[in-house]
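Please read the structure below before turning to the comments.
The values are calculated or read from the model by the stated rules, or taken from the named source; none is laboratory data. Note that this is a predicted model, so its numbers are computed, not measured. A quick note on method: Cβ atoms are made from the backbone with ideal geometry, for glycine too, and the neighbour counts reach across all protein chains shown. Please note that ligands, DNA and RNA were not included when accessible areas were found on the heavy atoms of the full protein model with its side chains. Shrake-Rupley method; radii C 1.70, N 1.55, O 1.52, S 1.80 Å.
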Amino acid sequence: MERVVIVGAGQAGHACARALRAEGFAGEVLLLGAEPDPPYERPPLSKEVLLEEALPDLPGRLPPIEPGVSWRGGVEVVALDRAGRRVHTRHGETIGYDALVLATGGRAARPPVPGAEDPRLPVLRDIADARRLRAGLRGGWRHLAILGGGFIGLEVAAAARLLGVEATVIEAADRLCARALPPALSEWLRATHEASGVRVLLSARAALLAPDGVTLADGTRIAADAVLVATGLKPNDELAREAGLPCAAAGGILADAAGRTEDPAVFAIGDAVALRREGLPPIRLESWAQANAMGAAAARAILGLPDTPPPLPWFWSTQGKTLIQMAGLPDGATATVTRGDPASGSFLMFLMAGDRIAQAIAVNNSREFQLARRLVERGIAVPASALADPGFALKAALR
Ligand SMILES: Cc1cc2nc3c(=O)[nH]c(=O)nc-3n(C[C@H](O)[C@H](O)[C@H](O)COP(=O)(O)OP(=O)(O)OC[C@H]3O[C@@H](n4cnc5c(N)ncnc54)[C@H](O)[C@@H]3O)c2cc1C
């Protein structure tokens with residue numbers, strides 16, 4: 001093993017390069033990124049980058065990796081030749097590898113609605129998108145329409161309100177964050193965003209998108225200074241697909257928790273992946289923690305080190321003054337237990353599979369989230385009645 005080539009210099013690619021060095025790999029690590037900027041983290045793009053008065057040149061910049069990981073920006077890989085163990089770049093360069101890591105992330109999905117492909121409609125995926133949004137929100141927009149009531153759409157809506165800009169969220173489903181949150185929490189979020197002045201339209205079908213507004217299927221027109229398309233992520237799995245590597249029907253390169261694909265020399269990590277799971281359909285875990293965990297696990301697999309157990313998936317979202325933290329996955333959950341009074345603004349929800357906590361979700365309660373996360377991680381059974389009782393110390397169940 002002399003050269004590891006990592007395609008994509010984002011969160012996962014950087015984590016993999018860092019772990020290769022940390023695990024003692026002394027060979028060449030080439031980190032190729034299509035973006036001109038050095039590796040940086042994306043979570044601040046919908047939060048601090050919009051809200052902070054003064055910003056560094058590249059917010060969330062990740063540190064260079066020593067010794068000598070070669071990062072090259074502005075290098076887009078356009079084809080993968082698995083038989084020849086090499087990749088081809090847009091500029092006509094051919095680069096050979098002993099192991100290849102596809103860490104290509106994803107791009108903002110644009111829905112099949114007339115007008116959605118218009119590049120004048122902003123999306124939020126990279127630093128250039130965030131700078132554009134920041135400039136608009138701070139530079140004269142009075143009303144931002146946001147297509148999509150998922151985490152990124154809601155983070156931007158909250159930021160817009162904090163900056164004094166009107167925000168309308170247009171969501172096709174009948175509740176917010178429908179894929180990720182239980183109905184009661186969707187409802188709490190709706191009320192919370194509405195209380196801070198966000199207009200939330202549910203079961204609202206966009207029929208036509210334009211840079212100056214949205215027309216709904218029922219004919220309602222929402223005029224706006226800009227329309228942000230925040231309708232999810234499309235994994236960048238084309239390199240793998242075209243090279244004949246299996247991908248999920250719904251998108252994403254099929255790989256295990258250590259990034260192994262069908263080709264022993266090719267690994268895939270981060271947002272580009274649909275994770276294979278024993279007895280369950282593949283899942284895309286588009287999160288900062290998953291990108292880091294897969295990057296580290298793939299480095300070990302490349303070096304032939306034994307797998308370590310995959311860490312528990314976890315995620316957070318900051319929406320104005322609301323911090324949501326989640327640990328575990330809701331698979332198999334049949335009941336939801338609430339701990340604390342949602343009206344107080346600080347509470348937890350437990351998604352229960354029998355006595356087992358499948359997933360813990362905390363709203364504005366980091367302290368109990370850390371305890372709940374350990375309960376999920378260790379698979380500790382706690383009766384629903386105890387979890388629902390704020391007088392019962394979660395710490396006691398950990399002993
Ligand atoms: C606005 C925003 C806010 C977020 N907030 C949170 C949060 O609060 N909490 C949380 O847990 N997660 C959050 N996330 C998700 C998290 O940032 C991602 O899960 C993570 O960045 C995924 O890492 P990745 O390396 O797989 O993909 P990315 O970070 O997207 O990196 C992929 C890189 O690959 C490059 N690339 C793609 N194709 C090629 C190619 N062919 N050749 C060369 N380079 C290529 C891309 O240009 C990109 O730089 C947020 C994401 C966004 C966009």
Quiz item: Restricting to strands (runs of 3 or more DSSP E) lying wholly in segment 154-260: which have 3 or more residues that are hydrophobic (A, V, I, L, M, F, W, C) and either under 24 Å from the mean Cα position of the chain (by Cα) or assigned by TED's automatic domain parsing to the domain that holds GLU76 (or both)?
Solution: 166-170, 226-229, 253-255
Quiz prompt | Residues within segment 33-91 that are of a type in the set (S, T, N, Q), more than 20 Å from ASN292 (Cβ to Cβ) and within 13 Å of the ligand (Cβ to nearest atom), tallied | solution = 1
Quiz item: Can you tell me which residue in segment 254-306 is nearest to the ligand (Cβ to nearest atom), limited to those that are more than 22 Å from VAL4 (Cβ to Cβ) and of a type in the set (Gly, Ala, Ser)?
Solution: SER287
Practice problem: Kindly indicate the residue of segment 92-122 that is near the ligand (Cβ under 9 Å from one of its atoms) and surrounded by 15 or more Cβ atoms within 10 Å (Cβ to Cβ) and also farthest from the chain's Cα centre (by Cα) among those meeting that condition. | Solution: LEU102
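Kindly evaluate ARG339 against the criterion of being closer than 30 Å to PRO383 by Cβ and open to solvent by less than 30 Å² (accessible area, probe 1.4 Å). It would help to see each step written out before you state the result.
Values: closer than 30 Å to PRO383 by Cβ: yes; open to solvent by less than 30 Å² (accessible area, probe 1.4 Å): yes.
In short, yes.
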Exercise. Could you please give the count of residues in segment 357-392 that are outside any helix (DSSP H, G or I) and either among the acidic types (Asp, Glu) or closer than 20 Å to ALA180 by Cβ (or both)?
Key: 10
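Might you let me know whether segment 207-220 holds any residue that is closer than 25 Å to GLY84 by Cβ and at pLDDT 95 or above? Can you show your working first?
Taking segment 207-220 as the starting set, the residues that turn out to be closer than 25 Å to GLY84 by Cβ are none.
No, there is no match, as no residue in segment 207-220 is closer than 25 Å to GLY84 by Cβ and at pLDDT 95 or above.
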Quiz item: So which residues in segment 342-355 are surrounded by fewer than 17 Cβ atoms within 10 Å (Cβ to Cβ) and more than 24 Å from SER196 (Cα to Cα)?
Solution: ALA353, GLY354, ASP355
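Residues are listed down the side, and each one gets a yes or a no for (1) of a type in the set (A, V, I, L, M); (2) farther than 30 Å from GLY197 by Cα; (3) over 18 Å from the mean Cα position of the chain (by Cα):
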residue: TRP288; (1), (2), (3): no, no, no
residue: ASN292; (1), (2), (3): no, yes, no
residue: THR322; (1), (2), (3): no, no, no
residue: THR336; (1), (2), (3): no, no, yes
residue: SER366; (1), (2), (3): no, no, yes
residue: LEU371; (1), (2), (3): yes, yes, yes
residue: ALA397; (1), (2), (3): yes, yes, yes
Quiz item: In segment 1-30, which residues are open to solvent by less than 40 Å² (accessible area, probe 1.4 Å), more than 23 Å from THR308 (Cβ to Cβ) and more than 9 Å from the ligand (Cβ to nearest atom)?
Solution: VAL5, LEU30
Quiz item: Quick check: is even one residue across segment 134-141 of a type in the set (Phe, Trp, Tyr) and either modelled with pLDDT of 95 or more or not in a strand (DSSP E or B) (or both)?
Solution: yes
Self-check item: Contacts under 9 angstrom Cβ, first residue in segment 137-166 being within 23 Å of TRP288 (Cβ to Cβ) and of a type outside the set (A, V, I, L, M, F, W, C), partner open to solvent by 60 Å² or more (accessible area, probe 1.4 Å) and not in a strand (DSSP E or B), 6 or more apart
Solution: GLY150/ARG179
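State yes or no: is LEU181 within 29 Å of ALA362 (Cβ to Cβ) and open to solvent by less than 10 Å² (accessible area, probe 1.4 Å)? It would help to see each step written out before you state the result.
Numbers: within 29 Å of ALA362 (Cβ to Cβ): yes; open to solvent by less than 10 Å² (accessible area, probe 1.4 Å): yes.
For LEU181, the condition - within 29 Å of ALA362 (Cβ to Cβ) and open to solvent by less than 10 Å² (accessible area, probe 1.4 Å) - is met.
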Quiz item: Are there any strands (runs of 3 or more DSSP E) wholly within segment 1-112 with 3 or more residues that are touching a residue at least 60 places away in the same chain (Cβ under 8 Å) and touching a strand residue (DSSP E or B) at 6+ places or on another chain (Cβ under 7 Å), and if so which?
Solution: 3-7, 77-81, 99-102, 106-108
Quiz item: Got a sec? Which of LEU280, LEU312 is outside the structural domain of GLU262 (by TED's automatic domain parsing) and over 21 Å from ASN236 (Cβ atoms)?
Solution: LEU312
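Residues to consider are GLY68, GLY73; find the one that is within 25 Å of LEU305 (Cα to Cα) and open to solvent by less than 60 Å² (accessible area, probe 1.4 Å).
GLY68
Please find, within segment 259-302, the residue that is surrounded by the most Cβ atoms within 10 Å (Cβ to Cβ) out of those that are of a type in the set (S, T, N, Q) and closer than 15 Å to ARG42 by Cβ. Let's see the steps before the verdict.
First, the residues of segment 259-302 that are of a type in the set (S, T, N, Q): 261, 287, 290, 292.
Of the ones still in play, those that are also closer than 15 Å to ARG42 by Cβ are 287, 290, 292.
On the way: SER287: 20, GLN290: 25, ASN292: 21.
Filtering first and then ranking leaves GLN290.
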